[in-house]
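Worksheet: the structure to be examined is printed underneath.
The values are calculated or read from the model by the stated rules, or taken from the named source; none is laboratory data. As the structure is a prediction and not an experimental result, all values here were calculated from the model. Using ideal geometry, Cβ is built from the backbone for each residue, glycine included, and neighbour counts are taken over all protein chains shown. Each accessible area value is taken on the protein alone, full model and side chains, heavy atoms only, with ligands, DNA and RNA left out. Shrake-Rupley method; radii C 1.70, N 1.55, O 1.52, S 1.80 Å.
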Amino acid sequence: IPLTLLALLAAACGDDGGGGGGASSEACPSGSVEIKMVEIKFDPEDATAEAGQEICWVNEDSIDHNAVAESGATFESELFGKGQTFTATVDEPGTVEYVCTIHPGMTGTIEVTG
């Protein structure tokens, strides 16, 4: 029975199918807006991007982070560690508000222009 329980717990740790985005060990794409995750903050906290331009988060902290849109977009990364990146594209002009869901106060905005 303990092995069955372990198998169930391991399965629960997988992707929940909720639109989570995979992190990468690759550098940010050329021409993308780069947002660093450093000292438990987004840097810059307020960024600007053109509609359709890629936005790339780079984790430079020694702890895991994610980037999850709260309004204005629907991206959601999985947790990713130091040296990894996550890229999303926002196609509609407006204000995107996003957070790191595991670090209260770690918030950012992106002004997406047309």
Hits in the range 72-89 (condition: on the phi > 0 side of the Ramachandran plot and either surrounded by 21 or more Cβ atoms within 10 Å (Cβ to Cβ) or at pLDDT below 95 (or both)) = none
Count - residues of the range 94-106 that are farther than 10 Å from A69 by Cα and part of a strand (DSSP E or B) = 2
ask   = In the set G31, G17, G22, which member is of a type outside the set (S, T, N, Q) and either open to solvent by less than 50 Å² (accessible area, probe 1.4 Å) or at pLDDT 95 or above (or both)?
value = G31
ask   = Considering the range 104-114 alone, what residues qualify as being closer than 14 Å to E50 by Cβ and either small (G, A, S) or surrounded by 14 or more Cβ atoms within 10 Å (Cβ to Cβ) (or both)?
value = I110, V112, G114
inquiry  = Need the failing condition index for A69 against (1) more than 23 Å from G114 (Cα to Cα); (2) open to solvent by less than 30 Å² (accessible area, probe 1.4 Å), just the number.
reply    = (1)
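Residues are listed down the side, and each one gets a yes or a no for (1) open to solvent by 10 Å² or more (accessible area, probe 1.4 Å); (2) β-branched (V, I, T):
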site	(1), (2)
D46	yes, no
A51	yes, no
C56	no, no
N59	no, no
I102	yes, yes
remark   = Across (1) part of a strand (DSSP E or B); (2) without any contact (Cβ under 8 Å) to a residue 60 or more places away in the chain, K82 clears everything bar (1)
